[in-house]
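Participant: Got a structure for you, questions after.
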Amino acid sequence: MSTAAMAPLPADEPPTNSPAANSRRIANRLKRAQGQLAAVIAAVESGADCRNIVTQLSAVSGALDKAGFEIISTAMQDCLTPGASAAPGRTPLSLEELRKLFLSLT
């Protein structure tokens with residue numbers, strides 16, 4: 001095992017599976033998608049080649065899908081981890097609700 005893998009996280013970095021880290025990771029994915037979508041809009045407005053536009057649009061779609069799957073994955077971890085509870089003010093999702101959310105992304 002490398003020493004980099006064993007190095008402790010900096011004091012201001014939450015654990016990689018913490019709610020704060022999950023939220024930051026999801027927000028970063030959505031911000032990337034937002035930037036990609038801005039590029040698609042600019043390409044359309046400038047009359048760019050349709051092949052390039054569709055390629056960029058596909059990247060946006062993939063980024064949004066990954067963000068959605070990450071959100072559902074986080075909810076699954078929260079719901080299925082023994083002793084875990086929903087965030088304050090939130091009702092935990094049932095397995096059926098998780099299933100429906102997951103299927104809505106496909």
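Participant: Exactly one condition in (1) at pLDDT below 90; (2) open to solvent by 40 Å² or more (accessible area, probe 1.4 Å) is not met by Ser18; state its number.
Facilitator: Status for Ser18: all satisfied but (2).
Participant: State the number of residues belonging to the range 45-56 that are in contact with a helix residue (DSSP H, G or I) (Cβ under 6 Å, 6 or more places away or on another chain) and either modelled with pLDDT of 95 or more or open to solvent by less than 40 Å² (accessible area, probe 1.4 Å) (or both).
Facilitator: Of the residues in the range 45-56, 1 are in contact with a helix residue (DSSP H, G or I) (Cβ under 6 Å, 6 or more places away or on another chain) and either modelled with pLDDT of 95 or more or open to solvent by less than 40 Å² (accessible area, probe 1.4 Å) (or both).
The values are calculated or read from the model by the stated rules, or taken from the named source; none is laboratory data. A quick note: this is a predicted structure, and the numbers were derived from the prediction, not measured. Don't worry about glycine lacking a Cβ; one is built from the backbone with ideal geometry, like all the others, and counts go over all protein chains shown. Calculation scope for accessible area: heavy atoms of the full protein, side chains included, ligands and nucleic acids excluded. Shrake-Rupley method; radii C 1.70, N 1.55, O 1.52, S 1.80 Å.
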